[in-house]
Amino acid sequence: MAGSPTARRRRLSIELKKLREQSSLTCAQVGAALEWSGSKVNRMETGSGRVQPSDIDALCRYYDTSEELREFLKSLARQAKVRGWWQVHGSGVPEWFNIYIGLEQDASRFRQYQCELIPGLMQTHAYASELHRAGAHMAVEDIERAVQVRMERQTWLARQDAPEAWFIVNEGALRKVIGDRSLMRDQIERVLESARLPTVTLQVLPFDSGTCPVTGSFTMLGFPAPEDPDLVYRDGITDAVYLEGEHHVREYDRAFDGLRAAALSPQRSTRLVETVLKEYAG
């Protein structure tokens, strides 16, 4: 079973939807049978509403599930209410990003393309602070909370059970000066340190790579349990998009493979990053 409350909530939603579809019923039909609204059933299956153990009891009786499955689902419902470590930072982490962090913590495979900025999991405190201040939409104390969460997330790459992490970074992200050149020198050193971690692969997409099959940054998360499908994450200033359908994941898989083919090899990428570091140090 996945570990974070977010992942448990997602797994619960998947299992509830699977039970209804196996019964060839609509949300409206299930709701009517249990004297609920169809929208309540839909919220339970999309993870947009809390699911009580009593709701699980009612659904499992209706679907005539095994006692073992009922207890498993009730356990998921109870544990989905637990707060994640990042949620103690309050307004420093917006709700839509809370969801992502919970999923990220349970991923066993991580793939990301960054076209404009250094990946968040490789950023220094100073670089991340500059980015948040530039947004000009957060209070000073919330900026520090948000940066602290980003720093804590980075420990995920160094833990004993760290996921396989593959980063593709546009050369422009390395050369775009955030703050000043001294800050960027420290930042590029951090990129090299991160790339040396045993489960991390870094590729740089050079300026002369030609036309690439994507128009923005994205992240793909894979999970250890086959019941938990891969997903694609894209964020913006005030919200995020989560794509889980097979078609979406397949197309982003294809796009990432195209980026890997166009990018420099990990060895040549390291040499390019070292060249950029020398330029900042000069």
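The values are calculated or read from the model by the stated rules, or taken from the named source; none is laboratory data. This is a predicted model, so every value here is computed, not measured. All Cβ positions, even for glycine, are placed from backbone atoms using ideal geometry, and neighbour counts span all protein chains on display. Remember, those area values only see protein heavy atoms, side chains included, never the ligands or the DNA or RNA. Shrake-Rupley method; radii C 1.70, N 1.55, O 1.52, S 1.80 Å.
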Mind pulling the angle between the C-alpha long axis of helix 95-104 and the longest principal axis of the chain? Nearest 10 degrees, somewhere in 0 to 90. 80 degrees
Listed residues 156, 166 arranged by accessible area, highest first, probe 1.4 Å: 166, 156
Which is farthest toward the positive dipole end of the range 197-271 among 209, 233, 252, measuring Cα position about the Cα centre, with Cβ charges +1 (Lys, Arg) and -1 (Asp, Glu)? 209
Between helix 125-135 and the chain, what is the angle of the helix's C-alpha long axis to the longest principal axis, kept within 0 to 90° and rounded to the nearest 10? 70 degrees
Cβ charges +1 (Lys, Arg) and -1 (Asp, Glu), total dipole of the range 151-282, debye: 700 debye
Table column - 3J(HN,Hα) (Hz), the range 67-72, Karplus curve with 6.51, -1.76, 1.60, x for Gly and Pro: 5, 4, 5, 4, 5, 5
Per residue value of the accessible surface for the chain (all protein chains in place, 1.4 Å probe), Å²: 49 Å²
Simple spin-label estimate for residue 197 and residue 155 in nanometres, 7 Å along Cα-Cβ: 1.3 nm
Net lengthening on full extension, residue 144/residue 71 (0.36 nm per residue, minus Cα-Cα): 22.2 nm
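Express in nm, to one decimal, how much length is gained between residue 40 and residue 58 on full extension, taking 0.36 nm for each residue of separation and deducting their alpha carbon distance.
Working: separation 18, 0.36 × 18 = 6.48 nm, distance 1.31 nm.
The span from residue 40 to residue 58 would gain 5.2 nm if fully extended.
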Of every hundred units of 1.4 Å-probe accessible area on the range 173-282, the number belonging to carbon and sulfur atoms, as a percent, is 50 percent
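Is it possible to state the helix-based mean residue ellipticity at 222 nm for the chain, with each DSSP H run of 4+ residues giving -39500 (n - 2.57), the sum divided by total residues, to the nearest 500 deg cm²/dmol? What is it?
Roughly -16500 deg cm²/dmol at 222 nm, from the helical runs in the chain.
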Would you please state which residues of the range 180-222 a label at residue 234 would reach in this model, taking the label point 7 Å out along Cα→Cβ and a backbone N cut-off of under 14 Å? 213-220
